[in-house]
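In what follows, a single structure is set out as structure tokens and then discussed.
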Amino acid sequence: MDLSTRYLGLDLRSPLVASSGPFTGRIDRLRDLEDAGIAAVVLPSLFEEQVVHDEMQTTELFLMGEGGNPEATGYFPDLAAFETIADRYLRHLTEAKAALTVPVIASLNGSTPGGWTRYARLLQDAGADAIELNLYRVAADPTVSGADVEAEQLELVGMVRDAISIPLAVKVGSHYSAFAHMAEGLVAAGADGLVLFNRFYQPDLDAVTRKVIPAIELSSSSELRLPLRWTALLHGRIEASLAITTGVHTGVDVAKGLLAGADVTMMTSALLRYGPDHISLVEEELTSWAEQFGATAIGELRGSASHRNVSDPEAFERANYIGGLVDYANTFASTQGAGPW
Ligand SMILES: Cc1cc2nc3c(=O)[nH]c(=O)nc-3n(C[C@H](O)[C@H](O)[C@H](O)COP(=O)(O)O)c2cc1C
């Protein structure tokens, strides 16, 4: 079975990619992933806040010696020995590139346009094969409209695009009122691919202590449905690679992603739960799924369940929605010994 695919212009041996997370933050684990057959890896994010904090600290270090006797060089901190988070990130990227043969995608994570975006260039110079820009943001300010948020995000994408010549993927959440339009805007601003979707971490509340409980829970396959639907809606309608993140755990999940039109599917929770060897299992499952259709390459099946040939996807979605509700109501009514209302 030819599992190969193309993502962001990169030729990959399969659609199985490790998404940004703790697993890709360690060189030994990255090697394990490659040994198990991963096709590409996305490193953990370098966050805008970390970069900005680094820069403030470096400025403070510079200023520490100010006013001291210039002959007393001991007053001055040794800036060369001061490793920032961004330095550490670049070191990890360089080491990952040296350790692996599969493409290494670096990740920047931020929400506001600004000088920090020049770090994209440093990641490129350190050997990243592509950059994934994560626009994670919870728009909580009542004075900021959806249009404002979108304009700012598009500006940010444009700034990163201008800073690099390697491919750029943009990872987003699904909370836009007209996501298809935003998707097109992201591509127009310079995204070569979209990664659907960020998982919004939902902290819980302790009812007694009234404290917020940060809750990072691993996903399950049922969460695949949201990115699956949007992949199916966008496939063939925008000029960009499509990656699915969230809810990919099994070979069948990957198969669904391909049918919807994804070029790659990404995993973090499954790797954290089952370890890197899980990759080979997923690959086997994917292969036997494709074999049952007599396919010799998974590319033959990509997008065959997308909405590409649906002339009015909005009406199609509403029809499915109404159909689902009506079916359920009819079944319920029959269990009550009554007809539909
Ligand atoms: C512990 C943890 C750390 C993560 N760190 C990052 C990160 O640094 N940057 C990022 O873009 N996504 C990060 N993610 C999100 C994952 O890349 C992925 O999009 C998300 O977990 C959904 O995929 P899954 O269902 O396969 O877990 C993280 C996820 C987890 C669980």
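Bear in mind that the values in this text are calculations on the coordinates, not laboratory data. From a predicted model like this one, the values you see are computed outputs, not experimental measurements. So basically every Cβ, Gly included, is an ideal-geometry build from the backbone, and we count neighbours across all protein chains shown.
So what are the ³J(HN,Hα) numbers for the stretch 207-222, from phi and the Karplus equation (6.51, -1.76, 1.60; θ = phi - 60°), rounded to whole Hz, Gly and Pro as x?
For the stretch 207-222, the Karplus curve yields 5, 9, 7, 6, 8, 6, 9, x, 10, 9, 10, 6, 7, 10, 4, 5 Hz.
For the chain, take the longest principal axis of its alpha carbons; what is the angle in degrees between that and the long axis of helix 179-188, to the nearest 10 within 0 to 90?
With both axes taken from Cα atoms, the answer is about 50 degrees.
Expected output is a single nm value to one decimal: the length gained when fully extending between I216 and R6, i.e. 0.36 nm times separation in residues minus the C-alpha distance. What is it?
That works out to 72.5 nm of additional length.
How large is ³J(HN,Hα) for each residue in the stretch 127-143, as worked out from phi by the Karplus curve 6.51 cos²θ - 1.76 cosθ + 1.60 (θ = phi - 60°), to whole Hz, x for Gly and Pro?
So the J values, rounded to whole Hz, are x, 4, 7, 6, 10, 9, 9, 9, 9, 3, 7, 9, 7, 9, 8, x, 8.
May I ask which residue of L228, G275, A188 lies farthest towards the positive end of the charge dipole of the chain, with charges of +1 (Lys, Arg) and -1 (Asp, Glu) on Cβ and the Cα centre as origin?
L228
Quick one: dipole size for the chain, taken about the Cα centre, charges +1 on Lys/Arg Cβ and -1 on Asp/Glu Cβ, in debye to the nearest 20.
It works out to roughly 760 debye.
Report P(r) for the chain: all Cα-Cα distances, bin width 20 Å, range 0 to the bin holding the largest distance, values in whole percent.
27, 52, 17, 3, 0
What are the lysines whose alpha-carbon lies under 24 Å from the alpha-carbon of K97, with same-chain residues fewer than 8 places away excluded?
K171
Rounded to the nearest 500 deg cm²/dmol, what is the calculated helix-only ellipticity per residue at 222 nm for the chain, with -39500 (n - 2.57) per DSSP H run of length n ≥ 4?
Value at 222 nm, helices only, nearest 500: -13000 deg cm²/dmol.
Highest GNM mean-square fluctuation, the chain, Cα pairs closer than 10 Å: which of N309, N320, N330?
Of N309, N320, N330, the Gaussian network model singles out N330 as fluctuating most.
Relative to the longest principal axis of the C-alpha atoms of the chain, give the angle of the C-alpha long axis of helix 85-99, reported between 0 and 90° and rounded to the nearest 10°.
60
Which ordering of D32, D263, D54, D312 is given by a fewest-first count of other beta-carbon atoms within 10 Å?
Starting with the residue having the fewest Cβ neighbours, the order is D312, D32, D54, D263.
Between N320 and L301, what is the label-to-label distance in nm when each label sits 7 Å out along the Cα-to-Cβ direction?
Taking the two extended label points, one gets 1.8 nm.
Quick one: which residues, 5 or more positions from E132 or on another chain, have an amide H under 5 Å from its amide H? H modelled 1.01 Å from N in the peptide plane, none for Pro or chain starts.
A106, S107, L108, A169
Given Cα pairs under 8 Å that are at least 6 residues apart, what percent is the relative contact order of the stretch 5-306?
Once divided by the residue count of the stretch 5-306, the mean separation gives 18 percent.
Take each of the peptides 156-164, 204-212, average the number of other beta-carbon atoms within 10 Å over its residues, and list them starting from the highest.
Taking the mean over residues of other Cβ atoms within 10 Å, the ranking is 156-164, 204-212.
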